[in-house]
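Peer 1: Okay, here's the structure, questions in a sec.
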Amino acid sequence: MSLATLRILMVFRGRAILAALIGFVEASCYITALSQVVKHVDNPINLLFYAGGFATGTYIGGMIENFIALGYVNVQIISVEFEGQLQELLRENGFGVTEVEGSGKDGTHNILYVLLKRRDLPRLMKLIEGEDKKAFISVMDTRKIVGGFFPRRKAK
C-alpha cells in the first residue's frame, strides 16, 4: 500500500514512467502476498495479517508522501488586519507574493497568492500564523508550473 500511495502521487505529479515502475513492483508484491492468503484461506490469522499489513502500508505511505513533499502548492491568503505587513514579511522571507484586490462580506481585502514548493509550506504557515492568527488560508495542489519567479530560500 505504501507503493500504491507513491504510485498515485507520481501519476498526479505527471511522472508516468516512475509511476509505471512503482506499479510493476507493487503488482508483484500484491500478487505474491495475496496468493499466500488465498492458499491458506482456512486460517483466519492470515486474513488478519493481510488486512493489518494493508492498513499499515496505507498509513506508512501517507507518512512517506508527507515526508518527501513533492510538487508545488498555491496558497491563497486573506488577511483582514495585517494586509501590508503580511505580504512584506513573506517577501522578506523569500516567498514570491502576488496581490489582488477582492471584495467580501466585510468589504475590500487584498488577496495574497503564494506559489511554493510543498516542502516549504510549514515554514510559510508558521510565518502567517505568527503575524495574523485570523488570516483565511486556502492551500491547493498545483500540478504543473510554466514560468514565474521563485526566489532562492533565505538562510535561517
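Peer 1: Filter region 37-69 down to residues that are polar (S, T, N, Q) and either free of Cβ contacts under 8 Å to residues at least 12 places away in the same chain or touching a Pro at 6+ places or on another chain (Cβ under 9 Å) (or both) and give me whichever is farthest from Met1 (Cα to Cα).
Peer 2: Across region 37-69, the extreme among qualifying residues is Asn43.
Peer 1: Given the conditions (1) more than 25 Å from the chain's Cα centre (by Cα); (2) modelled with pLDDT of 80 or more, report the number of the one that Gly23 does not fulfil.
Peer 2: (1)
Peer 1: For region 60-75, state whether one or more residues are more than 30 Å from Val146 (Cβ to Cβ) and of a type in the set (Val, Ile, Thr).
Peer 2: Checked region 60-75: at least one residue is more than 30 Å from Val146 (Cβ to Cβ) and of a type in the set (Val, Ile, Thr).
Peer 1: Follow-up. Taking only pairs six or more apart or across chains, which ones have beta-carbon atoms under 9 Å, a first residue in region 135-156 that is closer than 23 Å to Gln85 by Cα and among the aromatic types (Phe, Trp, Tyr), and a second residue that is modelled with pLDDT under 75 and assigned to a loop (DSSP other than H, G, I, E, B)?
Peer 2: As it stands, the answer is Phe136/Val80, since those pairs meet every condition given.
Peer 1: Take region 85-109 and flag every residue that is surrounded by fewer than 17 Cβ atoms within 10 Å (Cβ to Cβ) and either out of contact with any strand residue (DSSP E or B) (no Cβ under 8 Å at 6 or more places or on another chain) or among the polar types (S, T, N, Q) (or both).
Peer 2: Passing the criteria: Gln85, Glu88, Arg91, Glu92, Asn93, Gly94, Thr98, Ser103, Lys105, Asp106, Gly107, Thr108.
Peer 1: Restricting attention to region 17-70, and to residues there that are within 30 Å of Pro122 (Cα to Cα) and β-branched (Val, Ile, Thr), which single residue is surrounded by the fewest Cβ atoms within 10 Å (Cβ to Cβ)?
Peer 2: Looking at residues that are within 30 Å of Pro122 (Cα to Cα) and β-branched (Val, Ile, Thr), I get Ile17.
The values are calculated or read from the model by the stated rules, or taken from the named source; none is laboratory data. Computed from a predicted model, the values in this text were never measured in an experiment. All Cβ positions, glycine included, derive from the backbone under ideal geometry; neighbour counts span all protein chains shown.
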